[in-house]
Amino acid sequence: MLAEEARDLGFEWIEVSHGTKISLLPGLLEAVAAREIKVSSVHNFCPPPVEVLMDAPDVYEFTSPKAWERNRAILLTQKTLAMAPRFGTDRVVIHLGSARVRSITDKLEAMARGGQLYSRDYCNLKLKLVAQREAASAQALEYVRIALDQLLPVCEKEGVRLGIETRSHYEQIPNQREMLLLLDEYKDCPWIGSWHDFGHVQRQANLALLDPGLYLSQIAPRLLGCHVHDVQWPMKDHRAPLSTGGVALEKWLPLLPPGVPLIWELSPGIRRDDLVVALSRWQEKFSA
């Protein structure tokens, strides 16, 4: 059973993720009711859409140019908001979508891996991405605002907060500027905050697209939680924390407000033995 395995590894809390199969949800709800495990957060979409047969949290986006897709994303998020209290949590992690530009991040990562970081070709391509992204952001943000405004009454009804997640690709919404803009626009709203993904932000930092310490310090006052994982340079993320040295957790964790949930978001391919080692290292460094 999923809850038993997490508890046996030493985890007291889990996040119920978008990848959780519908067939597993009843057992998890029973485990929560029996106080066998506690749930820190639920990641959109949960339950997943029945028409999608794989783990696909971005299958429907609030920023889609297709109205039916935006509406489907909103409906599924409303169902996730209703699911969260059943797990005893008031936090839902959401992806907002992406700007309608041709994806360039993957090419930048390939160039960085090939030793071309800061080359003339790299810098020109990065500037092209930034310019195209900026031109496309206004429409995407307008769709985001429409979606959030439709979700807020459900947040209030269910008593659940939305954590806007930092993303791994520069084409995705929000970038650093947009995150700060949205947090400012909803500064008087108790139902919207930020969700910091250390690995995602590090991937963009590895491409010289942002300063991870500055970003974290800017959104820290509004943090609802964090996803913690390491990165094998430049973009292989969801490694066990403290395993590759790609994310300077010793440097960044002190910037967090007390009590912020830290969720280990890991690749399914990580071996149990490696996870046990990572947990031991974590306890040595951070549990004193």
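The values are calculated or read from the model by the stated rules, or taken from the named source; none is laboratory data. As the structure is a computational prediction, the values presented were derived from the model and not from experiment. Reconstructed Cβ throughout: ideal geometry from the backbone, glycine too, with neighbour counts over all protein chains shown.
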Selected residue [under 19 Å from Leu180 (Cβ atoms) and out of contact with any Leu (no Cβ under 9 Å at 6 or more places or on another chain)] from Glu156, Glu134: Glu134
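Is there a residue being surrounded by fewer than 21 Cβ atoms within 10 Å (Cβ to Cβ) and on the phi < 0 side of the Ramachandran plot anywhere in segment 225-233?
Going through segment 225-233, the residues surrounded by fewer than 21 Cβ atoms within 10 Å (Cβ to Cβ) turn out to be 232-233.
Now drop any that are not on the phi < 0 side of the Ramachandran plot, which leaves 232-233.
Yes - at least one qualifying residue is present in segment 225-233.
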Exactly one of Leu29, Leu25 is touching a Pro at 6+ places or on another chain (Cβ under 9 Å) and farther than 20 Å from Gly225 by Cβ, and that residue is Leu25
Considering only residues that are basic (Lys, Arg) and in contact (Cβ under 8 Å) with a residue 12 or more places away in the chain, which ones fall in segment 65-113? Arg70, Arg72, Lys79, Arg86, Arg91, Arg100, Arg102, Lys107, Arg113
Of the residues that sit in segment 1-37 and are among the small types (Gly, Ala, Ser) and without any contact (Cβ under 8 Å) to a residue 12 or more places away in the chain, which one is surrounded by the most Cβ atoms within 10 Å (Cβ to Cβ)? Ala33
So, Val247, is that one surrounded by fewer than 14 Cβ atoms within 10 Å (Cβ to Cβ), aliphatic (A, V, I, L, M) and either in contact (Cβ under 8 Å) with a residue 40 or more places away in the chain or in a loop (DSSP other than H, G, I, E, B) (or both) or not? no
Does Gly115 fit the bill of being modelled with pLDDT of 95 or more and under 30 Å from Leu224 (Cα atoms)? no
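Taking Gly225 as the residue in question, decide whether it is more than 22 Å from Glu109 (Cα to Cα) and either of a type outside the set (Phe, Trp, Tyr) or touching a helix residue (DSSP H, G or I) at 6+ places or on another chain (Cβ under 6 Å) (or both).
Numbers: more than 22 Å from Glu109 (Cα to Cα): yes; either of a type outside the set (Phe, Trp, Tyr) or touching a helix residue (DSSP H, G or I) at 6+ places or on another chain (Cβ under 6 Å) (or both): yes.
Yes, satisfied.
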Criterion violated by Glu51 - all others in (1) touching a strand residue (DSSP E or B) at 6+ places or on another chain (Cβ under 8 Å); (2) charged (D, E, K, R); (3) in a loop (DSSP other than H, G, I, E, B) satisfied: (1)
Of the residues in segment 102-135, those that are within 15 Å of Gln172 (Cα to Cα), of a type outside the set (Val, Ile, Thr) and outside any helix (DSSP H, G or I) come to Arg102, Ser103
